[in-house]
Every structure is written in structure tokens, then in C-alpha cells.
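The values are calculated or read from the model by the stated rules, or taken from the named source; none is laboratory data. Quick caveat: nothing in here was measured; it's all calculated off a predicted structure. Glycine gets a Cβ as well: all are built from the backbone with ideal geometry, and neighbour counts include every protein chain shown.
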Amino acid sequence: MQCRILSCIAFSILNICDKGDSVNNVLFELRGITKLFGNVVANKNIDFSVREGEIHALLGENGSGKTTLMNILSGIYTPDSGTIIINGEEVTIKSPEDAIKLGIGMIHQHFKLVDVFSAKENIIMGQAGSSRRNQKELTKELEELSNRFGLNINLDKKIYQMSVSEKQTVEIMKVLFRKSKILILDEPTAVLTPQEIDKLFEILRELRADGCAIVLITHKLNEVMEISDRVTILRKGESVATVETKKTNPKELTELMVGHSVDLSIDRPVVKDKTKDVLKVENLTIYDEEGVKVIDGMSFTVDGGEILGVAGVAGSGQKELCEAIAGLHPVADGTIEFKGRNIVGLNPNEIINLGVSMSFIPEDRLGMGLVANMDMVDNVILKDYRRQKGLLLSRKPARKMALKMVEDLDIVTQGVQYPIRLLSGGNVQKVLLGREINSSPQLLITAYPVRGLDINSSYVIYDMLNEQKKKGVAVLYIGEDLNVLLELCDRIMVICGGRIMGMVDPKDVTIEDLGLMMTGHTYSQILAERGTGQ
Amino acid sequence: MIIASYIYIAVRVSIPVLLGITGAIFNEKAGNTNLGIEGMMYMGAFAGFYTAVATNSVILALIAACLFGAFGALIYAFATVTLRTNQVVAGLSLTIFGQGIARFLGNTLSGAKGESVRIPDAVTQKVNWKILGLKDIPFLGRALFGYDMIIYLSIVLVVIAYFYINKSKTGLNLRAVGENPAAADAAGINVSLYKYVHICIGGAFCGLAGAYIGVVYLTTWGNNMIAGKGWIAVALVIFASWNPLKAIYSSLLFGFTSLIALRFQDSPISPYLLEMLPYLLTVIILIITSVKMKKENQQPASCGVNYFREER
Amino acid sequence: MRLPFHIVKRPYMKTYQQVIVRLLAVLTAFAVTSILMIILKKNPGRVLMALLYEPVKNGYFLVQTIKLAVVLLIISLGIGLAFKMKFWNIGAEGQIILGGIGASYLGLFHNDWPIYILLPVMLVASFVTGGLYGLIPAYFKARYNTNETLFTLMLNYIALSILLFLQYGPWKGENAMRPEFDNFKKNALLPSLASSKPWSDLHIGWIISLLLVVIVYIYMNHTKSGYEISVVGESVNTARYAGMNVRWITMRTMMLSAGICGIAGFVQVSGNLKKLSVNVAGGLGFTAIIIAWLSKLNPVVMIVASFLFSVMSKGAGFLEYQNISPAASEMIQGIILFCVLGAEFFVNYKIVRTHREVAQK
């Protein structure tokens, strides 16, 4: 009831909805969508429909085809077959331009923003010169919009100076400004703290009340349960089921998503004889290329036989920390001791030879650590080709090792001589981690090793890390998913703006605590608040 | 008076470079590094030259030069935007092709005997139409008002290009395409269309530059007319930090260095060593700009990378 | 309205298919050329005959063609090394000139040395002068990421100025009337294996070029340094991550690349031209870029491509008999390049029909 009143008000203000009383109308429908990438079937004969005033979760593992399906709706991809129906009429969407005209707005997981433009320029770009609005009116309209939804944004700030959540706000403004009726959000919470997620959901609820059809792409069950009205589950490119959120539960959803029942807990084996302080970082300070301080006086240790997790909002200094330890980034101040020896100033090659291994999975997955156009053999050889004697390069040992890795890790490939860009994400990451582990390191630094992987592959990776831990290797794990950090790691170091906010035992903290620390509250502050609260 | 005539010479040398830089800026703002500037200048030089000889019309010559330059750009655009081929190699191909076709067709002008072809006097007179009497003002008269009309036209075009790229709505969309085509695409901008149009506009500017060299500056057909001015333009884009207004003084700097080589032939230093000055200067500028780069004045981020929407 | 087709990325294309696609592209280029010739009222058959057949018609012409192919091959090998690293070295012209100058210094002023000492020293000198000239842009690329395309290009013009300065100044020859370099004495010239015409004119440059093919092939594919070049070319970040010294690799590779171009300069002055001259590079550096690219940087394929382009360049001379400007050859090279470039599209992408009907399960 409240919903309906709100939407009537919204109608008068925003004029984006037809009628407040038609909450249950189907706004858009996809029929029989099929999309192939080469030989890979990304979407297979999918039917999907969303009603007005509904938040519809699109749930599925990484690689199940959620993003592909929505990219088809927003005009990025052309489907190989199938039809799209909006407001009862069949439409053809050949480009994002068509989609925008039909009132479809998508917020992509990797923001589509121009870095050197201001927020305002990003919002207005691409708006064909239908009305020659002057700057004042435009600014006024944008300000009204941000006030109404309680968005806090500086319209003249450049994107490259913004934090991740600010960038997302710009993306939201973009779709609001275009008065989109169909909103698609692709994994919007991946980069946000729990507190920021709450705020985002507030906005979504308000838009739902306005009668918008909202699609939330996610693989997180708690979010589905919290905010959606209905949920459609995709598995391996096929639609498995559409259910009402009220009538389901996380366990059932997981089974639909994975295809079989899974034990969602991650092992945390106990290692008795730890080696003390394999890595000892003291007072580390690092500046980036533009002279901004990105690591500010960090001190911590990692023992052999433990996994130290690092939690933080993206861009809090994770990359620079990894690179500094691996000798890839200059250190302004402080020491990094590996087994008692200061390795600051050594070159990457010397550090590798000491037994330090670093694997960093960047957002595009292939950026660092692997060469996409080379075959598996040439990728396996990358780290130890230098140990061969003489000028010539022998690929025989590497070929042997590659074949062994294919067998041991169940890597799906047509052969070790095929370029690894042809492998799926999970297999690529297995190659990378497998190679690192094969070099029997004593310190393993791994950043986002499960990025973009499905649940089964993720668990293979967790197992691999635990194996190393049991062997006495010191593991520094930089993660995104706070739930995983809480279950997998022996200790968690939370960082914000290049400082350590707290070094905590996962058993003592909640996910909200981590979120608060990630946004700049120290652990002692949280403990103090908890004390007064009780 | 001597200073005034030095300025006069320097400005005339720098105009084709200025137009070339502006043409290259259009390309790069659309996200394409085009190494075919030199080739398009050759094409423009031929078309302008041929039309001037055939029709005695300055305007037709300029239009023909722009069109032929744009035609060269169109081939390049098709190769890089539609067929998504490597921009470096496509640009080089354009230069080789443009040079070849201009020389090939240009040599058919002169016929079998190989006598040199000149621009008709009638055309030269039309081009050198002067604002009445102003050039006779002492000292700066010649330096400010003594030029042929194409120079003024060029400067007006360059200023228009500045406002178009930096102040207009279409310009905003263009810059979005060059910086982040995926973002531009998602915002509903037709990336391919923007690339095609602006690469071709860039080609027209280069064609005009070639016509200036052929019809106004040299007035005799020669196989080596452009002599690397297109390449210098590509290099000076960096010095102009992708801004047509700054291109004006970048090109003037080139003009004055060339002047040294032209004017000081009696100096103890060999004229052949002086000839390398403009190129040496360009190299030094390249180094300086690469040592200190500001975030704001950089090459559009997507330059050199072709956009494919369905990239996964 | 729905487009009847759309474009998708092709995961993999077999080698023989790639070869066929590129051959078709070259044929297309000849077809386009023919059409152009018809428009210009020239006989396309005779043009293509002149371009492709005349240069190999008899031994005398063939020797000239091979001599040019040898130089083109050496330059392509040099350029290929840099291109493998995605270092766009378009300064081969300058490096050839410098190599030629380096070799000529010995050839002009130390021609009293015995031939078996003089020639090897000239070869080394050309390698070193060419290589050092290439090292300049490589240093700035490695240190400051200075744009190497434009840098190497400007160095071409600077090299030409140096050459002209020498020609009109300190190295001016004995002929007082014309500013020219002197002809080399016999012991500064590359000898021939044959003793009778026409093959006696074919100097041993071809052996140098084939040796270089073998060396470069092994270097690129079977040495650690060659492997490093490929990794740097594919991803600088990955190379750094694997502990490679990217700056050193950049400079080393470029030194080699430019050095080999320098050797081409030596073969030019000591074999083909028999003296230093303004034409020592004469656009060969650019033609070699095309050859390197068309051969996909494969040294063995470069042999074939160099020969083809040599035939066409020599053929340009025969065009003049038909009243066609030799520049036509340059234009046709441009057309071939565009066609082969365009063919890349069909190697990397394919066009797929869009089905309207719902897919069957």
C-alpha cells in the first residue's frame, strides 16, 4: 500500500512511470535467448521476464551467463537467436543507443566511465542534442536528482580522483538522469563495504516504489534474500528456475545454482609447528607514480604455516603492497624482511630466487603473471627459464611439467601447445597458481586468486592454498569476499588508505566489523563501541 | 624589416605543419594513432595541384585536396575501425600508398618528357589576394597582413577545431570515444560513426596541408614535396598536448627552426647540419614531454587500440 | 530491422588457412591494381608483366633482383627483432645510413688493409655504428617511455643530414666537379663466388643474409634472450613480474635490430653500390617494414617476401619503358599492404548469420 502511494508521488515528480496501479505488469521479457562465444555456449535458450516495481535477482555462479544475458538486453551483445519484448511489443536492440531509447540503463561491473572527465561530463555525454539545455538548468536538474535520492556527489570532480563508491554513484546518476525504467545492476556490491551496500539498497527500494523494473545480477545469496522479490537462477548458461524469494531459502538456491548440494564451509586446518616471521614488514611506506602515499607506515608479520588475509576496499594499497614485496615497486621507507634478510632494494629476479612467489590476478585476469598469446609450455617456463645453463632454451622440462599440471589440476585444454587465452578463466588461474606452487616457494603472495571463478574451481584453489599452508609455507592472501576471508584465514589484516586498521582473529569479528574497519574505523574503536553498547 | 620578413617566412613554413597537427589531433581524439598523415598530405598535394592546373580555381583546388585527403583517411578508417587492423601498420601503409599514388599520378601530369609543371600564374595571383594596403604598414605590416588568404583560412579552421573539440557537445562525445570507447558506447554514442567522421575530418585537414605546400608554397610539382612535414606534425601533436590552439605555437617553433636552416647558409656550420635542426628539435621535444607528463595533457587513453564491442 | 549477420571473434585459425587467406589478399591487391590501371587507360597485363616477370626474365636481371632482395632480407630480419618486442622501429633508414657510414670509414680510409681483415672489420663497424644509432631511441624508450616510432623516424632525417654533410664536406671525393664519395677500392668490395657473367656480379652478400636468417631464427625461438623478447612484446608487466630487466632487454634487442640494419648498410656500400651514396637507404627501410609484417616476423617467410618485393621494386624500373611512373610500384605495395592487413580481419574474426527463430534444444 505504502509502495503504491510512493510511486504516485514519484510519478508526479519524475514522470518516469506510466501508471502507479499496474504494479504487476510484465515490463520486459526475453524469449529463447541463445548466445555463443566461439564454441562456448554463454546463453542457451533462456526465457526471462521482469515486472514493473520489482527487484528481480539474477543469480548464478561466475561464468553462468548472467552478465552476457543482460549485455544482450542493453545492446552490447547481439544474440544468436531469440526475441526481446518490451511493454508487449517486440523490439530489436542493435546497440546501447537503442537500449537507452527504450529506457534500459545498465550499471556495469567494471564502470563505463571516462577517467579524465568530470562526473557531470560523464552523466551528460551521449545525450543527443534533443534540447539545448543551458549549464545552469542542467546543474539544477542534477542537483535535484541527487538530493531526492540522497546521493552525495561533487559534479565537478574528475573520475580518476574518485573512490570506487563515488564512481558507482556517478553510474547511478547516469541511469537516473536518463530516466531509465529498466535498471540492470551487475554485481554492484562487489566493491562496496557493508555500510555502502545498505545505502545502495535504500536507493533500489525507492526506485522499485517508483515502478521501475530492477535486475540485480549477483552471486551472493544473502543479498538475494534481503532485497529481491523474485529470483531467476542461471547455471552453465541455462535458466534453471524462477522462484519467489519468500518461498525459498539460501540452501535451495545454492543447490539450484551449483546443481548439487554443496558444503559451503571452507577448511581451516591447524598447523602445529609454525616458522616464526617468515615475512616481517616494518614501517613500510610507499608512494605511487603520482607521488601519492599509498602505503603509510605498515608493520606486520606472516608466519610459515599460516594464511594471513588482507581485507580492504579496492585501491587501499593491496596492489602496491604485493608489488613492493615482489620487488616491482620502489619503497620509500621501512623494511621488508624475508627470513631475517631485508629484501628492499633487491630486484625481482633475486627475490624470486630467494623463494618468494607472487601471483596477482588483476581485473582483466591476464594482465600480470601470464602471457595470453603464448602456450602453456611457454607460460610454465616463465619463472625458471633463467635457471637453465647456457644461452639456449630447452622447453622439454617445461612441457613435462605442463602435462603433469594438466593431469594433477584437471586443467581443461585442447593441449599444452594452445595459447592460454583460449582457456576458460578457471583453468587459466589454475595454470598460474599451479606454476607458482611448483616453484616450491616459502612465501606465497596471492591476490584475488578466485576472481571470476565458479564455486567448484574456487574450492580447488582454497584447497591448494591450504595444502601449501600445511607444508609450512607462509601465505599472504588478498581477498575480496569477506565471508571467504573469515573462513579461510588464520588472521585478517584490515587496511584502509594504506594503513592497518586492525589485525584480527576471524573468530572474534563479524562481517560488519570488517566493513567498518575497511572504511577507516580502527579495531580498538570498534571494541570500545561494543563495550559501551553492552 | 628583416625581422618582419623572417616572421613572414617562418609562418609560411609552419602552416602545413599546423594543419597536419590539427588533422592528427582529430584522429587521436577519436582514439586512433594515425601514422598516415604524411601520405594524406601527399594525396592532398596532388589533388590540389592537379585541380589548380586543370581548373585555375583556388577554391576547387582546396576542396579537391580536402576530399582526396579524406579519401585516404577513409581507407585507413575502414582498415582500423571496421576491420580492426593494427593502427601502426595501417598508418604506415597509408603513408606508403599515399606517397605512391601522389607521385604516380603527379608524374602523369608532367608527361613523357618530364618537364616540370607549375601552378598557373592566375591561380597564384588569386591566392595572394591581400587585404588592401595593410601589408604596407611599416615593420609588422608584412608579418601580420602580408600572407596569402589560405593562411588566414587555416588559422580560422584551427580555432574552430579547438572550440568544436573542447567546447561543443559533439566534441565531448568525441573525446569520450577517444578516452574510453566502451564507456562512450554504453552511453549511447555511435563509436564507429564518430571514429569514421573524425578520422576523415582529420584527413581533410591533412589534404589541405598538402595543397598549401603544392599550390601556394612550392608551386612546382616535385616528388619530394612534403619532405617529412607530416611526420613532424605527428610528433608535434605531443608538444601541442592535443590542443589545436597550442598547435599554433608548436608549429611556429618548427617554422623558426627551419628558418635558421634556410637563412644562415653562409654560417661556418655546414648547411646540411643546420638542416637537421627541426628534426633534432622535434626529438628533444619528444624527450622532454616524455620525461614530464601531466595527467591532464596526455594522449587519449584508447589510442592505438581498436574497439570491438563484443570483446569478452 | 535486424541485421542478417554479426561479427564474432574467431578463437583459432589453422596455419594453412591463414596462408590461403593471405595469398587471396595478395591476389585481391593485384586485382585492385588492374582495375586502377584500366581506369587510367593502361594495360594491366603489361603492367603486371613488367612488375613481376621482367625482373626475373634473364640472369642479368635476376642477379640485380637478388642483390636487392638480399639487402631487404637483412633489414627485415633486423626490424623483425624489434617488432617482436612491439618496439616500432621505423628508423631502419637511418640505421642503414649509419651502418653504411661506419663501413665506409674503413672502406675509404683504410683500404690498404688486406681484404680478409678489412671486410670483417667493416662488417663489425657497420653493426656497431648502426646499433649505437638504434640505441639512442631505445635508451629513452626504456628510461622515459619516449615514443619510439617518432623518435626513430626523426633519426632518419638526421642521419640523412649527417650523410649529406659528409658528402659535401669532410668526405668529399677526388672528383672536384661533383660532390660525391669515392668508389671503393677492390679490397673493400664484397667478392663473388662465381667468375663468369652474369653471376660474377652476385657478391657474397647472399651468404651473409642467409646466415643471418639462421642466426635470427635460432635466436628468436631457441634462446633465453629470444624468449625474453617475446614476453616483453606481449606484456611488459608480466616480464617485470617474472624478474626480467625490461630496460636492458629493450636496449639489447634494439641494439641488435639496428645493428643488423647497419649490416645491410655495409652490404649496400660494399656490395651493391660499391661506394657510399645518398641512396644507400633509399626507402628500403620502409619496404622492409612491410616485408617483416607480411612475414609475421618469421625469418624463413621473410626470404620469400623479400624476393617478391625486390621483384616488384626492380619491376618499377621497367614500368618507365611503358610510360608509367615507377612510383606505381610504391602505390601497388601500399595496396598489397592494405589488402593483407584487411585479411587479418578474416583471420581474427568471422561473420555469423543471426538466426531469428528460437534455437532448438
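Taking segment B:117-196 and the helices (runs of 4 or more DSSP H) fully enclosed by it, the elements with 1 or more residues that are within 22 Å of B:T219 (Cβ to Cβ), modelled with pLDDT under 95 and not β-branched (V, I, T) are at B:121-127, B:141-145, B:149-167.
Surrounded by 18 or more Cβ atoms within 10 Å (Cβ to Cβ) and either of a type in the set (S, T, Y) or on the phi > 0 side of the Ramachandran plot (or both): does that describe A:S299? When the stated conditions are applied, A:S299 does not pass them.
Count of segment A:98-127 residues, restricted to those that are more than 8 Å from chain B (Cβ to nearest Cβ) and more than 25 Å from A:F28 (Cβ to Cβ), is 3. Looking only at segment B:162-171, decide whether some residue is of a type in the set (F, W, Y), out of contact with any Ser or Thr (no Cβ under 6 Å at 6 or more places or on another chain) and within 14 Å of chain A (Cβ to nearest Cβ). Yes, there is a match, as at least one residue in segment B:162-171 is of a type in the set (F, W, Y), out of contact with any Ser or Thr (no Cβ under 6 Å at 6 or more places or on another chain) and within 14 Å of chain A (Cβ to nearest Cβ). Evaluated against (1) under 27 Å from the mean Cα position of the chain (by Cα); (2) in a loop (DSSP other than H, G, I, E, B); (3) within 10 Å of another protein chain (Cβ to nearest Cβ); (4) aliphatic (A, V, I, L, M), A:I93 falls short on exactly one condition, (1). In segment B:242-252, the qualifying residues are those that are more than 14 Å from B:A24 (Cβ to Cβ) and either touching a residue at least 40 places away in the same chain (Cβ under 8 Å) or among the acidic types (D, E) (or both), and the one that is surrounded by the most Cβ atoms within 10 Å (Cβ to Cβ) is B:I248.
Remark: B:I189 falls outside the filter, which requires a residue to be more than 14 Å from chain A (Cβ to nearest Cβ), β-branched (V, I, T) and buried (at least 22 other Cβ atoms within 10 Å of the Cβ).
Only one of the numbered conditions (1) buried (at least 18 other Cβ atoms within 10 Å of the Cβ); (2) without any contact (Cβ under 8 Å) to a residue 60 or more places away in the chain; (3) not aliphatic (A, V, I, L, M) is violated by C:F309, and that is (2). Can you name the number of the only condition in (1) assigned to a helix (DSSP H, G or I); (2) surrounded by fewer than 22 Cβ atoms within 10 Å (Cβ to Cβ); (3) within 14 Å of chain B (Cβ to nearest Cβ) that C:L153 fails? With (1) assigned to a helix (DSSP H, G or I); (2) surrounded by fewer than 22 Cβ atoms within 10 Å (Cβ to Cβ); (3) within 14 Å of chain B (Cβ to nearest Cβ) applied to C:L153, the lone miss is (2). Is it true that some residue in segment A:345-368 is in contact with a strand residue (DSSP E or B) (Cβ under 8 Å, 6 or more places away or on another chain), of a type in the set (K, R) and either farther than 15 Å from C:T238 by Cβ or assigned to a loop (DSSP other than H, G, I, E, B) (or both)? The answer is no; no qualifying residue exists.
If you take just the strands (runs of 3 or more DSSP E) that sit entirely in segment A:452-534, which of them hold at least 2 residues that are farther than 21 Å from A:G434 by Cα and in contact (Cβ under 8 Å) with a residue 60 or more places away in the chain? Those strands (runs of 3 or more DSSP E) span A:491-496, A:499-504.
Of all residues in segment A:69-82, at least one satisfies being closer than 20 Å to A:L234 by Cα, away from chain B (no Cβ under 11 Å), touching a residue at least 24 places away in the same chain (Cβ under 8 Å) and among the small types (G, A, S).
Quick test for you: out of C:L153, C:L212, pick the one residue that is of a type outside the set (D, E) and modelled with pLDDT under 95. Selected residue: C:L153, the only one of C:L153, C:L212 that is of a type outside the set (D, E) and modelled with pLDDT under 95. Of the residues in segment A:286-296, none is over 26 Å from the mean Cα position of the chain (by Cα), within 20 Å of A:M501 (Cβ to Cβ) and surrounded by fewer than 17 Cβ atoms within 10 Å (Cβ to Cβ).
So, in segment B:210-239, of the ones that are among the small types (G, A, S) and crowded, with 24+ Cβ neighbours inside 10 Å, which residue ends up farthest from the other protein chains (Cβ to nearest Cβ)? Only one residue tops the list, namely B:A211. Within segment C:160-198, restricting attention to residues that are out of contact with any His (no Cβ under 9 Å at 6 or more places or on another chain), among the hydrophobic types (A, V, I, L, M, F, W, C) and part of a helix (DSSP H, G or I), the residue that is surrounded by the most Cβ atoms within 10 Å (Cβ to Cβ) is C:L163. For segment A:352-363, indicate whether the set of residues that are crowded, with 19+ Cβ neighbours inside 10 Å, outside the structural domain of A:K470 (by TED's automatic domain parsing) and of a type in the set (G, A, S) is non-empty. No, every residue in segment A:352-363 fails to be crowded, with 19+ Cβ neighbours inside 10 Å, outside the structural domain of A:K470 (by TED's automatic domain parsing) and of a type in the set (G, A, S).
Kindly indicate whether any position in segment B:4-17 is without any contact (Cβ under 8 Å) to a residue 60 or more places away in the chain and outside any loop (DSSP other than H, G, I, E, B). Within segment B:4-17, none of the residues are without any contact (Cβ under 8 Å) to a residue 60 or more places away in the chain and outside any loop (DSSP other than H, G, I, E, B). The criterion of being at pLDDT 95 or above, closer than 29 Å to C:V301 by Cβ, surrounded by 24 or more Cβ atoms within 10 Å (Cβ to Cβ) and out of contact with any Pro (no Cβ under 7 Å at 6 or more places or on another chain) holds for C:I75. Only strands (runs of 3 or more DSSP E) whose full extent lies in segment A:1-72 are considered here, and the ones with at least 1 residues that are aromatic (F, W, Y) and at pLDDT 70 or above are A:26-37, A:40-51.
Give me a count of the residues in segment C:14-41 that are surrounded by 14 or more Cβ atoms within 10 Å (Cβ to Cβ) and part of a loop (DSSP other than H, G, I, E, B). Of the residues in segment C:14-41, 1 are surrounded by 14 or more Cβ atoms within 10 Å (Cβ to Cβ) and part of a loop (DSSP other than H, G, I, E, B). Does any residue of segment B:60-81 turn out to be assigned to a loop (DSSP other than H, G, I, E, B), at the interface with another protein chain (Cβ under 8 Å from one of its Cβ atoms) and buried (at least 24 other Cβ atoms within 10 Å of the Cβ)? No, segment B:60-81 contains no residue that is assigned to a loop (DSSP other than H, G, I, E, B), at the interface with another protein chain (Cβ under 8 Å from one of its Cβ atoms) and buried (at least 24 other Cβ atoms within 10 Å of the Cβ).
The residues on offer are C:T250, C:T238, and the sole one that is more than 18 Å from the chain's Cα centre (by Cα) and free of Cβ contacts under 8 Å to residues at least 40 places away in the same chain is C:T238. Figure legend. Inter-residue proximity from segment A:393-412: first residues closer than 28 Å to C:M220 by Cβ, second residues surrounded by 18 or more Cβ atoms within 10 Å (Cβ to Cβ) and of a type in the set (S, T, Y), beta-carbon distance below 7 Å, spacing 6+ or different chains. Indicated pairs: A:L393/A:Y385; A:L393/C:Y227; A:V406/A:T413. Can you tell me which residue in segment B:271-298 is nearest to the other protein chains (Cβ to nearest Cβ), limited to those that are modelled with pLDDT under 85 and not in a helix (DSSP H, G or I)? The extreme case among them is B:E275. Taken together, A:D156, A:D98, A:D115 contain a single residue that is in the same structural domain as A:K199 (by TED's automatic domain parsing), among the charged types (D, E, K, R) and more than 22 Å from A:E206 (Cα to Cα), which is A:D98.
Residues in segment A:313-335 that are within 17 Å of A:E480 (Cβ to Cβ) and touching a helix residue (DSSP H, G or I) at 6+ places or on another chain (Cβ under 8 Å): A:V313, A:A314, A:G315, A:S316. Here B:R103 passes the criteria (1) more than 10 Å from every other protein chain (Cβ to nearest Cβ); (2) surrounded by 21 or more Cβ atoms within 10 Å (Cβ to Cβ); (3) charged (D, E, K, R) except the one numbered (1).
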